[in-house]
Amino acid sequence: MEKQSDLISDGARLPVVEEFFSLQGEGYHTGKAAYFIRLGGCDIGCNWCDSRFSWNPNLHPTVETKAIIDRVIESGADSVVVTGGEPLMWTLDILCNGLKNKNISTFIETSGAYPLSGRWDWICLSPKRNMPPVTEICKVADELKVIVQNENDFEWAEKYHGMVSGECRLYLQPEWSRFESIIPEIVEYIKKNPTWRISLQAHKYMHIP
Ligand code: SF4
């Protein structure tokens with residue numbers, strides 16, 4: 001009989017914090033309906049993290065990946081956003097293969113700090129200062145979303161702009177608690193650097209998860 005730890009390491013079970021069918025609130029796919037799977041576990045420790053409840057994977061029961069896929073199918077969603085926590089702490093091949101077999105599109109939101117697993121239709125890379133992304137993920141990212149806390153973050157955003165492909169969409173997103181003070185600076189920056197777009201956390205205005 002397989003041990004629980006083996007089932008987790010091959011992705012047959014995953015620690016799920018929450019699952020919900022909602023609208024994407026951030027980045028390129030803002031407004032699109034999707035089934036969200038938030039996985040537990042993150043050791044990156046961003047000081048402004050609004051998902052701290054997800055950090056300790058031991059607080060979230062592991063769930064059979066097949067059961068997650070069944071719930072996505074039951075929901076009727078045509079796409080899934082896997083988020084966290086840092087979802088790439090886990091092996092996501094079984095999850096993605098099961099979803100792709102049902103023609104469900106797979107999107108991931110990741111810091112890129114861990115090696116890529118799974119098959120993805122859309123990779124949103126949101127690099128974090130505490131643990132930089134692996135180069136391999138920068139090269140294949142479809143979207144670069146940089147959270148801006150202060151003016152130093154623009155130069156940092158450009159560093160990753162230089163590491164992603166020419167097709168990668170570029171977003172600056174105000175850190176929620178600094179929204180009022182940083183928005184004018186983001187607006188001015190994008191006016192001068194129009195390859196960037198702004199990403200607002202639209203779900204927070206709609207009071208949806
Ligand atoms: Fe929070 Fe994401 Fe940073 Fe992890 S990578 S600490 S989940 S913001």
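The values are calculated or read from the model by the stated rules, or taken from the named source; none is laboratory data. Since we're looking at a predicted model, the values are computed, not measured. All Cβ positions, glycine included, derive from the backbone under ideal geometry; neighbour counts span all protein chains shown. Note: areas computed on protein heavy atoms with side chains; ligands, DNA, RNA excluded. Shrake-Rupley method; radii C 1.70, N 1.55, O 1.52, S 1.80 Å.
Tell me the GluC sites (Glu not before Pro) within the stretch 1-104 that lie in a loop according to DSSP and have at most 12 other beta-carbon atoms within 10 Å. Spell out each step's value before the answer.
On the way: sites: GLU2, GLU18, GLU19, GLU26, GLU64, GLU74; in loops: GLU2, GLU26.
Answer in residue order: GLU2.
Between VAL148 and GLN173, GLU175, the built amide H atoms are under 5 Å apart, and every one of these is 5 or more places off in sequence or on another chain.
Summing -39500 (n - 2.57) over the DSSP H runs of n ≥ 4 in the chain and dividing by its residue number, what mean residue ellipticity at 222 nm do you reach, to the nearest 500 deg cm²/dmol?
-8000 deg cm²/dmol
Full extension of the chain segment joining ALA33 with VAL134 gains 33.4 nm, where the gain is 0.36 nm per residue of separation less the Cα-Cα distance.
Taking every C-alpha pair closer than 8 Å and separated by at least 6 residues, the mean separation divided by the residue count of the chain gives a relative contact order of 18 percent. With all protein chains kept in place, the per residue accessible area of the chain amounts to 48 square angstrom at a probe of 1.4 angstrom. Between GLY85, GLY40, GLY11, the Gaussian network model of the chain with springs among Cα atoms under 10 angstrom shows the greatest mean-square fluctuation at GLY11. Rounded to the nearest whole Hz, the Karplus-based 3J(HN,Hα) values (6.51 cos²θ - 1.76 cosθ + 1.60, θ = phi - 60°) of the stretch 58-66 follow the sequence 5, 7, 10, x, 6, 10, 4, 4, 4, with x at glycine and proline.
Remark: the chain carries a charge dipole of roughly 160 debye about the Cα centre, counting +1 on each Lys and Arg Cβ and -1 on each Asp and Glu Cβ. 3J(HN,Hα) couplings calculated from phi for the stretch 204-209 with the Karplus curve 6.51 cos²θ - 1.76 cosθ + 1.60 (θ = phi - 60°) are, in sequence order, 6, 6, 8, 6, 10, x Hz; Gly and Pro show x.
Extension gain for GLU158-ASN58 works out to 32.4 nm (0.36 nm per residue, less the C-alpha to C-alpha distance). Let a ≥ b ≥ c be the square roots of the eigenvalues of the Cα gyration tensor of the chain; is it rounded (a/c under 1.5), or, if not, prolate (a/b larger than b/c) or oblate? Because a/c hits 1.5 or more and a/b exceeds b/c, the chain counts as prolate.
Only Cα pairs under 8 Å and 6+ residues apart enter the sum, and on that basis the relative contact order of the stretch 7-122 stands at 28 percent. For the chain, the share of DSSP beta bridges that are antiparallel, to the nearest 5, is 30%.
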